[in-house]
Amino acid sequence: MIALLLPFLQLMLKLVPILYQIKVIRSEEELKEFQRRFKDAINKAEGNALDSVDLRKQHKENIDKLREDWKKVWGNRPMPPPQEPIPDPIPPSTPSEITIKGPEEADAGQTFYIEVYNAPANAEVWRDRRWKLAEIGGRTKVPLIFMMGGDPLTIQIKIGEVWVAEHKMIVNERKLVG
Amino acid sequence: MFYKLLVFLVLLVQGCATSTVPNPDSVYPDHPDPTLMASLPFIVGSVRYEGAALLPRATRTKINVEVPDRTVFLFFNTCGREDLYKNPKSGTFEYIYTPAFEKENMDSCMLLITAVTATGEYHRSAIDFTNSTGRDLAGDVFCNGKWIKSDGSYFCQTRGRPNVGGIPTGVRFASQVISAGPPQCPPLKCLSGCTEVNGVALGKEFEVNTGVGFCGYDFMDQSQLVFRLTTLGYTSVLNVFPPAELKR
């Protein structure tokens with residue numbers, strides 16, 4: 001009995017996806033409804049695509065209006081001094097340092113690259129510059145210049161063509177914390 | 001016997017298929033054209049964001065987008081670009097955002113991420129960037145039940161409503177400021193420190209009933225420091241087919 005049923009069950013297994021498809025899109029109306037929904041989603045996505053442009057225009061027009069209003073309100077008065085002194089950012093000529101621990105598999109003297117993600121916009125990062133590892137598994141100081149702090153950075157280290165290490169760190173205003 | 005078994009199996013398969021068919025009529029029953037909440041998750045650094053975020057502006061930002069299953073289009077839009085990826089693999093999609101100098105790397109150029117699936121689901125997320133120069137106007141923003149201190153800008157997503165506005169978003173400053181908002185969005189209401197000089201309204205604390213979609217408001221103080229408030233009001237959180245148990 002089981003031997004007789006086996007070919008039939010195999011056939012049914014092949015039929016299941018077909019029957020499923022037939023059932024998912026049962027009618028022309030339903031097919032049209034799915035097409036409408038997909039088109040609606042695409043329309044929304046395309047509308048969303050221009051939101052950033054529109055929003056920037058809103059803010060720009062606001063700022064233009066505020067500059068005009070500012071003249072009406074404060075234009076004839078002298079500018080007040082800043083309420084509190086603003087600390088100077090790190091001068092670009094005095095870089096901070098980051099200590100990168102060399103990967104265990106690297107040879108002393110081997111060169112490596114660094115890449116920095118999520119660095120602040122005003123950070124100066126030396127890309128495509130080679131640094132030498134001081135010793136196997138040792139630590140090498142790499143100067144970086146960061147003006148401001150921000151979210152955790154990700155620094156990736158490349159030896160040859162291979163990314164070998166990744167460091168996450170918080171950059172404070174005046175120092176780097178590994 | 002053989003025929004009965006065949007009929008039974010066919011009915012069984014048909015029954016199983018029926019239980020997984022979404023009912024199109026049950027989607028968006030109350031909102032024929034809803035503005036959906038930005039809820040597409042993504043990871044920046046080690047932080048996972050649920051659709052909306054305010055990040056420090058960076059030369060490069062690595063964004064790992066959690067791509068929904070069966071995504072056919074993945075859009076990355078700013079005020080100056082559209083990057084489109086077709087049929088990305090489900091899982092995590094790594095996007096490295098390098099804003100173009102002076103075009104995207106400036107105030108108010110949001111990064112919007114949109115995923116459209118083969119079944120017509122629509123997911124999106126919105127990322128605003130702040131320059132954090134330390135020379136911006138500082139303010140306190142009331143957003144979704146919390147007061148948050150912020151320098152220069154804030155991005156608040158909450159429930160919006162057309163015309164009269166939705167859940168209020170608030171902002172307050174240490175000294176009087178002037179304000180501006182777009183005419184198509186709900187107006188700012190001054191709550192404290194409200195005066196008028198030469199026909200221009202000043203105030204220290206403001207509130208707006210959040211409108212639908214994106215609205216940008218700006219504030220300027222006597223030193224010409226600026227605070228930028230962006231609101232994103234949604235009318236529906238439903239961006240996927242309803243679960244089987246909610247179907248009619």
Could you please give the count of residues in region B:45-61 that are surrounded by 17 or more Cβ atoms within 10 Å (Cβ to Cβ), farther than 23 Å from B:T235 by Cα and modelled with pLDDT of 90 or more? 0
B:G166 being in a loop (DSSP other than H, G, I, E, B), more than 9 Å from chain A (Cβ to nearest Cβ) and either in contact with a Pro (Cβ under 7 Å, 6 or more places away or on another chain) or touching a residue at least 12 places away in the same chain (Cβ under 8 Å) (or both): yes
Among the residues of region B:93-111, which ones are under 13 Å from B:E82 (Cα atoms) and in contact (Cβ under 8 Å) with a residue 60 or more places away in the chain? B:M110
Please go through region B:63-80 and give me each residue that is at the interface with chain A (Cβ under 9 Å from one of its Cβ atoms) and surrounded by fewer than 18 Cβ atoms within 10 Å (Cβ to Cβ), ordered by number. B:V72, B:G80
Starting from residues that are of a type in the set (V, I, T) and at the interface with chain A (Cβ under 7 Å from one of its Cβ atoms), keep the ones in region B:99-122 and report whichever is farthest from A:N48 (Cα to Cα). B:V116
Please identify the pairs in which a residue from region A:48-75 that is farther than 16 Å from B:D128 by Cβ and facing chain B (nearest Cβ under 7 Å) has its Cβ atom under 8 Å from the Cβ atom of a residue that is surrounded by fewer than 21 Cβ atoms within 10 Å (Cβ to Cβ) and small (G, A, S), counting only partners at least 6 apart or on another chain. A:K72/B:G199
Candidate set: region B:190-219, residues that are among the small types (G, A, S) and part of a loop (DSSP other than H, G, I, E, B); chosen: the one surrounded by the fewest Cβ atoms within 10 Å (Cβ to Cβ): B:G199
Only one of these is more than 19 Å from B:Q157 (Cα to Cα), under 19 Å from the mean Cα position of the chain (by Cα) and either assigned to a strand (DSSP E or B) or modelled with pLDDT under 90 (or both): B:D83, B:D128. Name it. B:D83
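Every residue, every condition in (1) modelled with pLDDT of 95 or more; (2) within 20 Å of B:V164 (Cβ to Cβ); (3) over 19 Å from the mean Cα position of the chain (by Cα), yes or no:
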position: B:G203; (1), (2), (3): yes, no, yes
position: B:E207; (1), (2), (3): yes, yes, yes
position: B:V212; (1), (2), (3): no, yes, no
position: B:R228; (1), (2), (3): no, no, no
position: B:L232; (1), (2), (3): no, yes, no
position: B:S236; (1), (2), (3): no, yes, no
position: B:N239; (1), (2), (3): no, no, no
position: B:E245; (1), (2), (3): no, no, yes
For region B:135-158, state whether one or more residues are out of contact with any strand residue (DSSP E or B) (no Cβ under 8 Å at 6 or more places or on another chain) and under 12 Å from B:F227 (Cα atoms). yes
I'd like to check which helices (runs of 4 or more DSSP H) are fully inside region A:1-116 and have at least 3 residues that are surrounded by 11 or more Cβ atoms within 10 Å (Cβ to Cβ), among the acidic types (D, E) and modelled with pLDDT of 80 or more. A:51-74
Just one of (1) within 27 Å of the chain's Cα centre (by Cα); (2) away from chain A (no Cβ under 11 Å); (3) surrounded by 19 or more Cβ atoms within 10 Å (Cβ to Cβ) trips up B:R159, so point out which. (3)
For region B:73-84, state whether one or more residues are without any contact (Cβ under 8 Å) to a residue 60 or more places away in the chain, in contact with a Lys or Arg (Cβ under 7 Å, 6 or more places away or on another chain) and aromatic (F, W, Y). yes
When B:M220 is run through (1) in contact with a Leu (Cβ under 8 Å, 6 or more places away or on another chain); (2) within 11 Å of chain A (Cβ to nearest Cβ); (3) among the hydrophobic types (A, V, I, L, M, F, W, C); (4) closer than 30 Å to B:D69 by Cβ, the failure sits at (4)
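The values are calculated or read from the model by the stated rules, or taken from the named source; none is laboratory data. Here the structure is a predicted model, which is why all the values come from computation and not from measurement. Counting neighbours? That spans all protein chains shown, and the Cβs are built from the backbone with ideal geometry, glycine included.
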